[in-house]
Amino acid sequence: MHNPMVTIHPDGPVVILTLNRPEQGNSLTPELLTALLDAIAVARQYRGLRAVVLQAAGQTFSRGSDITALVSQADRATYAAHLLDCLHRVILELIDLPAPLIVAVQGPVNGSAIGFVLVADVVLVTPEATFTAYATTLGLGPEGGWATLLPRLIGQRRAAETLLLERSISAAEAVAWGLANRLIPTSHLTEEAQAIAHQIAAQFPGSVACARRLLWRERDQLAEALRCERETFCVQIQSIEADIGLKAFLDRQRALSQMEAEP
């Protein structure tokens with residue numbers, strides 16, 4: 001199977017999934033998330049699957065939800081509900097994978113894209129990696145697990161500072177705080193992710209599956225927490241704050257585009 005937005009590459013007992021929307025910073029739309037769901041379903045069907053690697057094409061892992069697409073909707077709340085429903089389905093499908101998930105992160109991880117990192121079993125980051133919610137800057141609610149899954153990894157106080165001050169988490173901090181496992185040179189990221197996947201694949205699969213089920217035993221509680229996050233986001237996106245924040249974002253984007261177009 002090949003989808004322009006998500007590619008699938010089997011490598012023996014490992015399947016590599018690649019977000020393939022680099023020109024748009026791998027920003028998330030219902031179409032990309034649906035393509036990722038389809039790719040996950042295909043990966044699950046591979047006989048002898050022992051590990052899955054999720055990576056992204058280009059210099060940005062993902063900008064998060066496609067804000068331009070979001071703002072263009074006549075009914076933002078309905079679109080947001082659909083977008084987050086797709087996102088949460090992906091997150092839960094990643095948790096439910098029959099094999100461990102390794103996520104390789106280069107460049108920024110913004111907004112809702114944090115969900116892919118939060119449900120990984122092993123996370124590798126390059127020095128350029130950053131993690132930013134942008135919720136309070138845009139007048140939106142946190143989405144993708146910033147409020148519900150992030151504190152589970154880095155603690156309540158650090159998560160609160162990150163969200164309330166709109167503070168980016170650097171690659172070094174991500175490793176020190178437990179959001180990521182290892183800091184990897186950019187040129188070796190793909191190679192290292194595949195090496196770890198194959199190391200896992202060499203272990204007894206039944207034992208690996210038992211460990212993973214126990215690590216994710218709170219799966220149903222996490223699903224409920226994500227549902228609450230979705231409801232809060234859909235209420236906040238209809239607020240005056242969201243109108244102001246999203247308009248300011250688009251104005252900045254237009255100004256940057258004009259500057260880049262000037263000779």
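General remarks:
- Among beta bridges that DSSP assigns inside the chain, antiparallel share in %, nearest 5: 35 percent
- Listed peptides 84-91, 254-261, 168-175 appear in the order 84-91, 168-175, 254-261 once ranked by packing, highest mean of other Cβ atoms within 10 Å at the front.
- Two-site FRET efficiency, ALA202 against ALA172, from Cβ-Cβ distance with R₀ of 22 Å, rounded to 0.05: 0.15
- As a ratio to 2.2 N^0.38 Å, the alpha-carbon radius of gyration computed for region 114-209 takes the value 1.20.
- In Hz, Karplus ³J(HN,Hα) per residue of region 135-152 (6.51, -1.76, 1.60; θ = phi - 60°; x = Gly, Pro): 5, 6, 5, 8, x, 10, x, x, 9, x, x, 4, 8, 9, 10, 4, x, 4
- As a proxy for reagent exposure, ranking TRP146, TRP177 by other Cβ atoms within 10 Å from fewest up yields TRP177, TRP146.
- Taking region 6-35 and a reference point 7 angstrom along Cα→Cβ of GLN45, the backbone N atoms nearer than 20 Å belong to 6-19, 32-35.
- Cα convex hull, region 1-119: 91 Å³ per residue, rounded to a whole number.
- Mean residue ellipticity, 222 nm, helices only, the chain: the sum of -39500 (n - 2.57) across DSSP H runs of n ≥ 4, divided by residue count and rounded to 500, is -15500 deg cm²/dmol.
- Kirkwood-Stokes translational diffusion coefficient of region 47-99, alpha-carbon pairs, 4 °C, 1.567 mPa s, µm²/s: 95 µm²/s
- Highest mean first, the peptides 191-198, 208-215, 116-123 sorted by other C-beta atoms within 10 Å per residue fall in the order 116-123, 191-198, 208-215.
- Stokes-Einstein D for the chain, Kirkwood Rh over Cα pairs, 4 °C, 1.567 mPa s (µm²/s): 69 µm²/s
- Helices in the chain that qualify as membrane-span-like (whole DSSP H runs, Cα extent of at least 20 Å along the helix axis, mean Kyte-Doolittle hydropathy of -1.0 or higher) are 30-44, 76-95, 219-236, 240-261.
- Beta bridge orientation in region 59-179: antiparallel %, DSSP, nearest 5: 20 percent
- Sequentially through region 96-109, phi angles give Karplus couplings (6.51, -1.76, 1.60; θ = phi - 60°) of 7, 3, x, 9, x, 10, 10, 10, 10, 10, 10, x, x, 10 Hz, Gly and Pro residues having no value and appearing as x.
- Beta bridges by DSSP in region 1-139, antiparallel share as percent, to the nearest 5: 30 percent
- Listed by Cβ neighbour count within 10 Å, with the fewest neighbours leading, SER62, SER112, SER187 appear as SER187, SER62, SER112.
Read-outs: derived from the displayed coordinates by stated rules, not from any lab. Quick caveat: nothing in here was measured; it's all calculated off a predicted structure. Backbone-built Cβ (ideal geometry, glycine too); neighbour counts: all protein chains shown.
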